[in-house]
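What follows is a set of notes on a single structure, which appears directly below.
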Amino acid sequence: MLSTVANKPDGTFDLQELEERIRGSNIHEPVTAMVAVENTHNYCGGKVLPLKFLDDVGALCKKHSLALHMDGARLFNACAHAQEEAARVVRDCDSVSVCFSKGLSAPVGSALVGSYHFIEQARRARKMLGGGMRQAGVLAAAALVALHEVVPLLALDHKRAQVLAKVIEGLFLKAFTVDAHNTHTNIVLVRISEHAPLTADQLVQRLAQVCLAETQGDCKTPNDEGVIVKATEFNSKTIRFTLHREITDEDLWLAIMKITYVFKELSSNLENK
Ligand SMILES: Cc1ncc(COP(=O)(O)O)c(C=O)c1O
């Protein structure tokens, strides 16, 4: 049974609240066995958990004999931002999961890391759930490329995400806000003003369309083609842009041109309403 502790905007949570949630003495309740943290924290916009916080969570888990798991689907992004080795970031964890797709660009694949006994148990659980795979070597090959060739490039994705966030921030549009200072990794969240009669879904759809006026102006590729930007709807008032290895500097500038065009267009439509 899961018990969730509310996240703070920086991806951390209150350690006192965590301690109060630890159960075991009351026979009507389940016994707390493990604490799980997510690093980077997707729903907080790819935020990197501070090492001090991780050290404190680790100490608290030791004090209460709890296992600590890190959902490190984006662990290498966290390491690139913190400029720390993965071994240091996960120092106090008993188990860690990492994902080779997403920013690491493998077509598929995740790995679970833990003690020999833990992995034996995980293999059994995987088999029971029908997740066993005999020819996993083809996936391991992609994972090796991800680790050796893509991890060193993550800092570039982060720089591009910074550029994108700062450009959007620099538009000073009331309807669309970005927190560039707190954009740590390759995820850029754009929040739509609560007062604007516009949903994240509508914004995502507009960014995926090209209107004639765009290609007749400057918002086009050198081949006179329109630009489509794929974003995801994060919640009804937030969209997410994600940078990755295949978004080059040239792609980034095209995306910035398109996003600027659409944000200004929608802002002036909203002002004229
Ligand atoms: C934070 C986080 N954890 C875990 C996962 C699951 O990864 P996988 O499906 O490779 O196990 C995802 C996938 O989207 C994720 O974003």
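Structure summary
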quantity: Residue-span extension gain [S105 to L153] - 0.36 nm each, minus C-alpha spacing; calculated: 16.2 nm
quantity: Region 50-65-region 98-155 distance, computed between alpha-carbon centres (Å); calculated: 26 Å
quantity: By average C-beta atoms within 10 angstrom, highest first, the peptides 16-26, 258-268, 78-88; calculated: 258-268, 78-88, 16-26
quantity: Spread of Cα-to-Cα distances over 10 Å intervals beginning at zero, given as percent, for the chain; calculated: 6, 24, 29, 23, 13, 5, 1, 0
quantity: Prolate/oblate/rounded call for region 15-152, Cα gyration tensor, a/c under 1.5 rounded; calculated: oblate
quantity: Where N is the number of residues in region 40-85, Cα Rg divided by 2.2 N^0.38 Å; calculated: 1.21
quantity: Assigned charges on the beta-carbon of Lys, Arg, Asp, Glu; the chain dipole about Cα centre (debye); calculated: 560 debye
quantity: Cβ-Cβ FRET estimate between L144 and A6, R0 fixed at 30 Å, reported to 0.05; calculated: 0.20
quantity: Interchain or long-range residues, amide H under 5 Å from V35's placed H; calculated: A67, L68, H69
quantity: Bins of 5 Å, starting at 0 and running to the largest distance - Cα pair percent for region 153-271; calculated: 2, 12, 23, 25, 21, 12, 4, 1, 0
quantity: Computed label-point distance, nm, for sites R126 and Q209 using a 7 Å Cα→Cβ extension; calculated: 4.5 nm
quantity: Simple label model, 7 Å out from Cα along Cβ direction - E225 to D249, nm; calculated: 2.2 nm
quantity: Relative packing of 191-199, 161-169, which averages over residues the other C-beta atoms within 10 Å, highest first; calculated: 161-169, 191-199
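No value in this document is a laboratory result; all are computed from the given coordinates. As the structure is a computational prediction, the values presented were derived from the model and not from experiment. Neighbour counts run over all protein chains shown; Cβ positions are idealised from the backbone, glycine included.
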